[in-house]
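The values are calculated or read from the model by the stated rules, or taken from the named source; none is laboratory data. Because the structure is predicted, anything quoted here is derived from the model rather than measured. Every residue, glycine as well, gets a Cβ built from its backbone with ideal geometry; the counts of neighbours run over all protein chains shown. Calculation scope for accessible area: heavy atoms of the full protein, side chains included, ligands and nucleic acids excluded. Shrake-Rupley method; radii C 1.70, N 1.55, O 1.52, S 1.80 Å.
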Amino acid sequence: MKMELQFRTIAMDFWASLEHKLKYKKDMEDAEEIVAQLKACAESIEALDYQMQDAGKIF
C-alpha cells in the first residue's frame, strides 16, 4: 500500500487550511481581502527567501 506523509510547520498548515477554505467554501466573508493579504504574504516570503539565499553566498 502506498501512502503520502506530509510534515508541515504551523504556518504551512494554517496557509493550506485557509487556501482550502477559499477554494472550496464560497460563503466566506471578506474572501477577496483574504486573497489579497495572502498574495502580499506570499510576495514577502518570496523576497525573504531570495534574501536568505543571497546571504548564504556570503558565508
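Brief remarks follow.
- Between 0 and 90°, nearest 10: helix 10-24 axis offset from the chain longest Cα axis: 40 degrees
- Counting protein heavy atoms only, the chain has 59 percent of its accessible area on carbon and sulfur, 1.4 angstrom probe.
- The residues packed around ALA11, meaning those with a beta-carbon under 14 Å from its beta-carbon, carry a net charge of -2 if Lys and Arg are +1 and Asp and Glu are -1.
- Estimated 222 nm signal from helices in the chain, with DSSP H stretches of n ≥ 4 weighted -39500 (n - 2.57), rounded to 500: -25500 deg cm²/dmol
- This structure gives Rg/Rh (Cα atoms, Kirkwood Rh), computed directly, and of [x] 0.94; [y] 1.06; [z] 1.13 that value is listed as [z].
- Angle in degrees between helix 31-58 and the longest Cα principal axis of the chain, rounded to the nearest 10: 20 degrees
- On full extension, the segment bounded by MET52 and THR9 gains 13.6 nm, given 0.36 nm per residue less the C-alpha separation.
- Per residue accessible area in Å² of the chain, where ligands, DNA and RNA are left out and the probe is 1.4 Å: 100 Å²
- Partner aspartates and glutamates for LYS26 [C-alpha distance under 19 Å; skip if fewer than 8 residues away on the same chain]: none
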